[in-house]
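Each reported figure results from applying straightforward, stated rules to the coordinates on display, with no laboratory input. A quick note: this is a predicted structure, and the numbers were derived from the prediction, not measured. Every residue, glycine as well, gets a Cβ built from its backbone with ideal geometry; the counts of neighbours run over all protein chains shown.
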Amino acid sequence: MSFTAELLISAALVVSGIFGFVGSYGLVKLKNTLQRLHAPTKATTLGVGGVLIASMIFFYIETGHISVHELLISLFLFLTAPITANFIAKAYLARNVRPKDLPSSDGEYGWSVYDDPPEAGSDR
Amino acid sequence: MIEYALLFAAGCYGIALLLDLWRIAVGPDDADRILALDTMVINVIALLVLYGVWRGTAIYFEAAMLIAMVGFVSTVAYCRFLLRGDIIE
């Protein structure tokens, strides 16, 4: 394996390790729950992306084929990380924040965490 | 050189798993614990891929894929249980 390829893979691995560590360190260090939501959902997902890039380069150089599994995993993780973050934020809001403490939603109905949207919409 | 980088990344993710475990133990709210579990799932995926690169075999990607899917579904199920008191209404 050429030196350039080794350097590329090692750099991707080290950067992704630092990202993963920073994500979990933020999970411990930040002060309240909604702040803590940011560190793992962004930094750790990026870290896993780095690991998958490194393994794609590694297996391409080892076998000569591009393996699609890593792409599938990273695509799946990058799609689902915002959804889980949204769900966790909704669960936190529904249990810890009362609707009257929030600013008004400036719409016809309240925040969707607390109220169901009206049935009248034509696109349902 | 790759061996040292692999060792460094695996060490980082190992310490990250311990930090997540601490947040699960003390986390003041249930949302914190769900978040820490979700982070643990992502870290374990990274560790599996690292092990696959270390052994030079691609067979661990299937396991990583399955863990990614099950982790997502379990996080959504936990949050839905907190939100509605029920998972399948």
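Based on what the data block shows, is residue A:70 within 8 Å of chain B (Cβ to nearest Cβ) and in contact with a Leu (Cβ under 6 Å, 6 or more places away or on another chain)? Here the answer is yes, as residue A:70 does meet what is asked. Could you grab me the full set of residues in region B:66-85 that are over 12 Å from residue B:42 (Cβ atoms) and either without any contact (Cβ under 8 Å) to a residue 40 or more places away in the chain or exposed (fewer than 14 other Cβ atoms within 10 Å of the Cβ) (or both)? B:66, B:69, B:70, B:73, B:74, B:76, B:77, B:80, B:81, B:83, B:84, B:85 - these are the residues of region B:66-85 that are over 12 Å from residue B:42 (Cβ atoms) and either without any contact (Cβ under 8 Å) to a residue 40 or more places away in the chain or exposed (fewer than 14 other Cβ atoms within 10 Å of the Cβ) (or both). Assess whether residue B:24 counts as being part of a helix (DSSP H, G or I) and within 7 Å of another protein chain (Cβ to nearest Cβ). Considered against the rule, which asks whether it is part of a helix (DSSP H, G or I) and within 7 Å of another protein chain (Cβ to nearest Cβ), residue B:24 comes out as no.
Residue check: is residue B:81 within 21 Å of residue A:22 (Cβ to Cβ) and more than 15 Å from the chain's Cα centre (by Cα)? No: the conditions fail for residue B:81. For residue A:57, state whether it is closer than 20 Å to residue B:52 by Cα, more than 9 Å from every other protein chain (Cβ to nearest Cβ) and surrounded by fewer than 23 Cβ atoms within 10 Å (Cβ to Cβ). Judged against the criteria, residue A:57 is a match. Inspect region B:33-54 for any residue being assigned to a helix (DSSP H, G or I), more than 9 Å from every other protein chain (Cβ to nearest Cβ) and out of contact with any helix residue (DSSP H, G or I) (no Cβ under 8 Å at 6 or more places or on another chain) and give the result as yes or no. For region B:33-54, residues assigned to a helix (DSSP H, G or I), more than 9 Å from every other protein chain (Cβ to nearest Cβ) and out of contact with any helix residue (DSSP H, G or I) (no Cβ under 8 Å at 6 or more places or on another chain): absent.
The helices (runs of 4 or more DSSP H) falling completely within region A:8-110 that include 1 or more residues that are touching a Cys at 6+ places or on another chain (Cβ under 7 Å) and within 19 Å of residue B:30 (Cβ to Cβ) map to A:69-96.
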